[in-house]
Amino acid sequence: MAAPFDKTDDSVVVIIGTGAGGGVLANELAQKGVSVVSLEAGGRYLPEDYVNDEWESFGQLAWLDPRTTSGDWRVSRDFSGLPAWIVKAVGGTTTHWAGASLRFQDHEWKAKTNYGAVQGANLLDWPIDAAEMAPYYEKAETKLGVTRTGDRTGLPGNNNFKVFEAGAKKLGYNDVHTGRMAINSSEYDGRMACQQTGFCFQGCKWGAKWSSAYTDIPRGEATGNLEVRDRCHVLRIEHGADGRVNGVVYMDKDGVEHKQVARVVCVAGNSIESPRILLNSATAMYPDGMANSSGQVGRNYMRHLTGSVYGIFDKPVKMWRGTTMAGIMQDEVRHDPARGFVGGYELETLGLGLPFMAAFLDPGGWGREFTTALDSYENMAGMWIVGEDMPQETNRVTLNMDVKDQFGMPVANVHYSDHANDRAMRDHAFGRGQAIYDAMGATRTLPTPPYPSTHNLGTNRMSENPRDGVVNRNGRTHDIENLFVSDGSQFTTGAAENPTLTIVALAIRQADHIAAELGRGNL
Amino acid sequence: MTIKTDLKGLTRRQLLSRGAAAGAGFVIGTNFVSGQDAAWATEMNALKPDTMATLIQMARDIYPHDKVADEFYAAAVKGYDVPDAVDDTEAGIEMLNGVARGKGYGSYLDIGWERDRVDILRSIEDSAFFQKIRGGLVTGLYNQKAVWPIFGYEGESYSQGGYINRGFDDITWIG
Ligand SMILES: Cc1cc2nc3c(=O)[nH]c(=O)nc-3n(C[C@H](O)[C@H](O)[C@H](O)COP(=O)(O)OP(=O)(O)OC[C@H]3O[C@@H](n4cnc5c(N)ncnc54)[C@H](O)[C@@H]3O)c2cc1C
Ligand code: SF4
């Protein structure tokens, strides 16, 4: 049967969320002839709708439903209702993302084995490894058109990158380049080359940056096998007496409640909403929430180390011009405990516009120490730290029973405190970042605290043993055979790389698995 | 946000005849606040003109940019000049003036040095009032498109074809 599908059609796979994980999975399944209904809480926005204006775009695309925070991270103090900067729209956070697309390093798939026991950390090896993922990484890179992979050339470096590159080289760093980016350096896959507009975080108006919003989603729809229902917010997943899930309950844009029955349900609402949906689906049979016999749903929340360094110079840089993330230094990404921490980090250039600089440079800061920095905005260069943070059981997404959203559902509370390893790594990265700008004659450098989380990971983690995690090597929940998790919440550990390429590779792999199982009559 | 009203047509002398020049460079009239040079003026809807003038000074003291004219600070706090915000704002400014009086000044606006005003702000920085004003300024001040050029920020670039041919890599000082 072709889309649109009936709400009583129990042959469909229902996917919750249309971002990096959900959007790709939907298209991949649709291409294989599987009937899919995608439910997306946000609306549909395409390049012509995106705006080159930081706050206006934030208002248009960001997830602004209530959330709460706790823990000793500064985000909880400075942005108490905004733990994460993620998107509520068809295409999910791939509308906002910068496009940095890196594979994990081989050793990062086995963090527990390679790092050894780290006190207070809940480290675990992924049940899959680099060799198994390699072909899926290649498919993901081809899908996203990642530069410096295949025969795709790198992007040209902007002013911000040139300062960064020259400083890094002066310090003796070698692995410095304009990144592996899901941004076209020349026309690719029917999308044009980057015009160096500088608003990658606001949705690329040229379509030069990959987003599932205008690639996978419309392609899936074109098969006739995918129906995307936008502005449909899933409240909970339901199951039958046999324990298998049989559909999802959602609110449409007019506030009308519906149930879509399903053969298989895949949760891909991002690492905050996915565990929230599972926890909000508790029943007498699953009193601690769905797929939560391990007690790990919502736990091990990771957000990457993060932090930024801005450098002020006596001459102009104009960092806002050109790709928002224009280059990378990878010499510090190795695992080398001699530095005083396990795991590694990447330094990637970052250029914010004036409105966001004012909000994020030193949240809560004021007075001349703050304003003299902004006075030199034109002469500023910027970089962002992406490092592996430690999974901790106590860093977690829980339901806040005291705060309800517009549908009366308990909201997610995001609790996060740095591990000692995270602090040691961040201090190291701050020092190296400041040294890079000092080498270029910076008159002032600013080690800037983490922003609300853009990389949200780990809250339904993958594990070999059902006791240690929520999903198995295929992203299927250990507890329920027709319930899958398909987004960044599957991450067993975070590695040091921006996560989206891995989320996409896992989604392509999961589509193969689900289609094969459906074909065998196992689902 | 209307900051420039028809008062703008007045000369400085005419302005002064209609109000009192306050210490910090404002003219405070019966229903308006303006710059002493008459470059801008704002008519009051709900707040007392004295309160508005103090609020503008407070805004500048929180985020002082010597290159940014008062009218942008006035625009940044004009949103408090509505009936819903009057009680809290008047009370907050009265608290600020109270601290100033406690230190021997006539009012916050009477204090000649930024340093001394900032001391007072530091002493109330944990108050809900201070945090509301500061937090509001982050977007109220820096998200005014008219202030962006003062900082060199160029804003929207799509309509001009991005920077691909307009200097994304035009840095000259890297050897
Ligand atoms: C500013 C920014 C820059 C970034 N840059 C990079 C980068 O350079 N490289 C990189 O690898 N990553 C980057 N990221 C991170 C990347 O965007 C995310 O890791 C990725 O999109 C996560 O994919 P996901 O499928 O887990 O979730 P998302 O892409 O966030 O998709 C989740 C979707 O589920 C929907 N949803 C949630 N709850 C419900 C519900 N109850 N009912 C229906 N729908 C629901 C949401 O609306 C959303 O559309 C960046 C993120 C941001 C914010
Ligand atoms: S800089 Fe390139 S990728 Fe970023 S928004 Fe502009 S055209 Fe798109």
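Per-structure values
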{"quantity": "Some residue of the range A:218-230 being within 21 Å of A:Val24 (Cβ to Cβ), away from ligand 2 (no atom under 16 Å from the Cβ), of a type in the set (A, V, I, L, M, F, W, C) and open to solvent by 30 Å² or more (accessible area, probe 1.4 Å)", "calculated": "yes"}
{"quantity": "Condition broken by A:Leu46, with the remaining ones in (1) more than 23 Å from the chain's Cα centre (by Cα); (2) surrounded by fewer than 20 Cβ atoms within 10 Å (Cβ to Cβ) satisfied", "calculated": "(1)"}
{"quantity": "Count of residues meeting criterion [open to solvent by 10 Å² or more (accessible area, probe 1.4 Å) and either at the interface with another protein chain (Cβ under 7 Å from one of its Cβ atoms) or touching a residue at least 24 places away in the same chain (Cβ under 8 Å) (or both)] in the range A:371-393", "calculated": "7"}
{"quantity": "Out of A:Val297, A:Val317, sole residue that is at negative phi, away from every other protein chain (no Cβ under 12 Å) and among the hydrophobic types (A, V, I, L, M, F, W, C)", "calculated": "A:Val297"}
{"quantity": "Verdict on A:Ser38 being part of a strand (DSSP E or B), small (Gly, Ala, Ser) and within 13 Å of ligand 1 (Cβ to nearest atom)", "calculated": "yes"}
{"quantity": "Residue match in the range A:420-438 (condition: without any contact (Cβ under 8 Å) to a residue 24 or more places away in the chain, of a type in the set (Gly, Ala, Ser) and surrounded by fewer than 23 Cβ atoms within 10 Å (Cβ to Cβ))", "calculated": "yes"}
{"quantity": "Single match in A:Thr147, A:Thr142, A:Thr93 (criterion: within 16 Å of ligand 2 (Cβ to nearest atom), assigned to a helix (DSSP H, G or I) and under 21 Å from the mean Cα position of the chain (by Cα))", "calculated": "A:Thr93"}
{"quantity": "From the options A:Asp78, A:Asp6, A:Asp49, residue that is out of contact with any Ser or Thr (no Cβ under 7 Å at 6 or more places or on another chain), at pLDDT 95 or above and more than 16 Å from ligand 2 (Cβ to nearest atom)", "calculated": "A:Asp6"}
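Table: residues versus (1) in contact (Cβ under 8 Å) with a residue 12 or more places away in the chain; (2) under 25 Å from A:Pro499 (Cα atoms); (3) among the small types (Gly, Ala, Ser).
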| residue | (1), (2), (3) |
| --- | --- |
| A:Ala2 | yes, no, yes |
| A:Lys7 | yes, no, no |
| A:Gly23 | yes, yes, yes |
| A:Lys32 | yes, no, no |
| A:Gly42 | yes, yes, yes |
| A:Gln60 | yes, yes, no |
| A:Gly71 | yes, yes, yes |
| A:Trp85 | yes, yes, no |
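Table: residues versus (1) of a type in the set (Lys, Arg); (2) within 12 Å of ligand 2 (Cβ to nearest atom); (3) touching an Asp or Glu at 6+ places or on another chain (Cβ under 7 Å).
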site	(1), (2), (3)
A:Lys170	yes, no, no
A:Tyr173	no, no, yes
A:Val176	no, no, yes
A:Ile183	no, yes, no
A:Arg191	yes, yes, no
A:Gln195	no, yes, no
A:Ser211	no, yes, no
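The values are calculated or read from the model by the stated rules, or taken from the named source; none is laboratory data. None of these values were measured; they are calculated from a predicted model. Here the Cβ is made from the backbone with ideal geometry for all residues, glycine too, and neighbour counts use every protein chain on show. The protein model used for the area step is the full one, side chains on, heavy atoms only, and it has no ligands, DNA or RNA in it. Shrake-Rupley method; radii C 1.70, N 1.55, O 1.52, S 1.80 Å.
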